[in-house]
Amino acid sequence: MHRRIKAVFVMKNPYESELKALKRAGRYRERHIRDDTLMDAASNDYLGLAHNKELHLRACETLSLYSDHAPKASMLVNGYHPIHAAFESALCEANGFEAGIVMGSGFNANIGLIEALVRKGDVLLMDEEYHASGVAGARMCEGSVQFFPHNDSIALKELLKQAHGKRTIIAVEGIYSMGGDLVPREIIELAIEHESILILDEAHSSGVIGESLMGILDHYEIVPTPLMIKMGTLGKAYGSFGAYVLSSTHISEYLLNRAKNVIYATAPSLYDTALAHHALDYIQTHTQRLRDQIKRRKTIVRETLGIESAGLIIPIEIGDNREVMRLQEWLKNEMGIHVGAIRQPTVKKAILRLIARLDIDEVLLRQACERLTQIWVK
């Protein structure tokens, strides 16, 4: 005899009220297929290497040397490939670190890194404008978490005096993704002075600043210490996809044993890793030319918009969620330019986020900036 199963009625649209609230606040998000007819001043492809077909061909040639083209498993099973090892070695040599681990993305690298490092009894001190991935990792960790005012070395110094954890970990970005500003040298020096573990998220600084274009430590001419950790992404200046973490051999060994994004995830794409390795080679062999191009674009921005930029991120404060979307659409339709429209809660006040990519012709960049001055009320 079969039991009669009662029908269970569920809401057809269980998140309808939340979506309506987002629309009312001007915070509703949608995906749009990229329009390649527009001038790209929105993406994080800072050096334009995502358009370099020679690097693509070299990556394909590298893969053709092996019998397979995919990692097939996690690094700790049998997914650790010679392509991964070669890139890690090259990154360590270029940045002055002992050991490296390539990872799937900057987002999961930050989550895995912070969740693994901050144990019970530890204290994590994180800049309030640290990337959302780091904030997510902080919520998952077992230690005490405190946020300090953005780039405020005085506030951090006070927190360090009060910190009595087993270990103290400080998390900052080299260049902040929305404001485009540098972490002050004083914050790095405080970490050294207090023997704190220092996480440097170099997603937006690696490949953009420094004598060798290797990022914030290169920029300040600071030699990495055994307590420094550099997290960088491959989907920005390197024109690929993925991430890496550089550290001492000791910390790398620990992460291999505790970081869930390494232990339980399939190893990073071989193509993307090979592509990033060739991008690193390109940056190292064209450093001066790239630095000159970056300098010229920063000069154009300063002369037209009056903004001193640390890197190639140019934030233009608009303040209103709906207005920033309107201006983004206007720039697309009237000038054929795509800039980012960043709204709350990602930023405190809505901004147009212009990326002065090296792939943009300098004349066009100047014209775009001059046009922006006509619609931007400072």
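Contact map, the range 313-337: first residue under 15 Å from Thr373 (Cα atoms), second residue assigned to a loop (DSSP other than H, G, I, E, B) and open to solvent by 60 Å² or more (accessible area, probe 1.4 Å), Cβ cut-off under 6 Å, separation 6 or more or different chains; pairs are Glu317/Lys349. Asp68 meets the conditions (1) among the charged types (D, E, K, R); (2) closer than 30 Å to Glu329 by Cβ; (3) open to solvent by less than 80 Å² (accessible area, probe 1.4 Å) in every case but one. The failed one is (2). Phe9 satisfies every condition listed in (1) closer than 22 Å to Arg322 by Cβ; (2) at pLDDT below 85 except (1). Between Arg296, Arg357, Arg289, the distinction of being touching an Asp or Glu at 6+ places or on another chain (Cβ under 8 Å), of a type outside the set (A, V, I, L, M) and open to solvent by 60 Å² or more (accessible area, probe 1.4 Å) belongs to Arg296 only. Count of the range 217-232 residues, restricted to those that are out of contact with any strand residue (DSSP E or B) (no Cβ under 6 Å at 6 or more places or on another chain) and either outside any loop (DSSP other than H, G, I, E, B) or among the hydrophobic types (A, V, I, L, M, F, W, C) (or both), is 6.
Output the residues belonging to the range 310-348 that are under 20 Å from Ser205 (Cα atoms), open to solvent by less than 30 Å² (accessible area, probe 1.4 Å) and in a loop (DSSP other than H, G, I, E, B). Those that are under 20 Å from Ser205 (Cα atoms), open to solvent by less than 30 Å² (accessible area, probe 1.4 Å) and in a loop (DSSP other than H, G, I, E, B): Ala310, Gly311, Leu312, Val347.
Close contacts from the range 223-252, counting a first residue that is closer than 18 Å to Gly96 by Cα and a second that is among the hydroxyl-bearing types (Ser, Thr, Tyr) and not in a loop (DSSP other than H, G, I, E, B), with Cβ to Cβ under 7 Å and a gap of 6+ residues or different chains, come to Ile229/Ser247; Gly232/Tyr244; Ala243/Thr233. Taken over the range 71-112, the criterion of being open to solvent by 30 Å² or more (accessible area, probe 1.4 Å), over 28 Å from His219 (Cβ atoms) and in contact (Cβ under 8 Å) with a residue 24 or more places away in the chain is satisfied by Lys72, Leu76, Tyr80. Here Pro71 clears all of (1) more than 21 Å from the chain's Cα centre (by Cα); (2) in a helix (DSSP H, G or I) except the condition numbered (2). Within the group Gly207, Gly235, Gly179, which residue is at positive phi and in a loop (DSSP other than H, G, I, E, B)? Answer to the check: Gly207. Across the range 141-171, the number of residues qualifying as open to solvent by 60 Å² or more (accessible area, probe 1.4 Å), part of a strand (DSSP E or B) and either of a type in the set (Gly, Ala, Ser) or farther than 11 Å from Met126 by Cα (or both) comes to 0.
Contact map, the range 51-65: residues that are open to solvent by 60 Å² or more (accessible area, probe 1.4 Å) paired with residues that are assigned to a helix (DSSP H, G or I), Cβ distance under 6 Å, separation 6+ or inter-chain. Pairs shown: Arg58/His278. Tyr176 passes every criterion in (1) among the aromatic types (Phe, Trp, Tyr); (2) closer than 24 Å to Leu280 by Cα; (3) open to solvent by 30 Å² or more (accessible area, probe 1.4 Å) apart from (3).
The values are calculated or read from the model by the stated rules, or taken from the named source; none is laboratory data. Since we're looking at a predicted model, the values are computed, not measured. Counting neighbours? That spans all protein chains shown, and the Cβs are built from the backbone with ideal geometry, glycine included. Remember, those area values only see protein heavy atoms, side chains included, never the ligands or the DNA or RNA. Shrake-Rupley method; radii C 1.70, N 1.55, O 1.52, S 1.80 Å.
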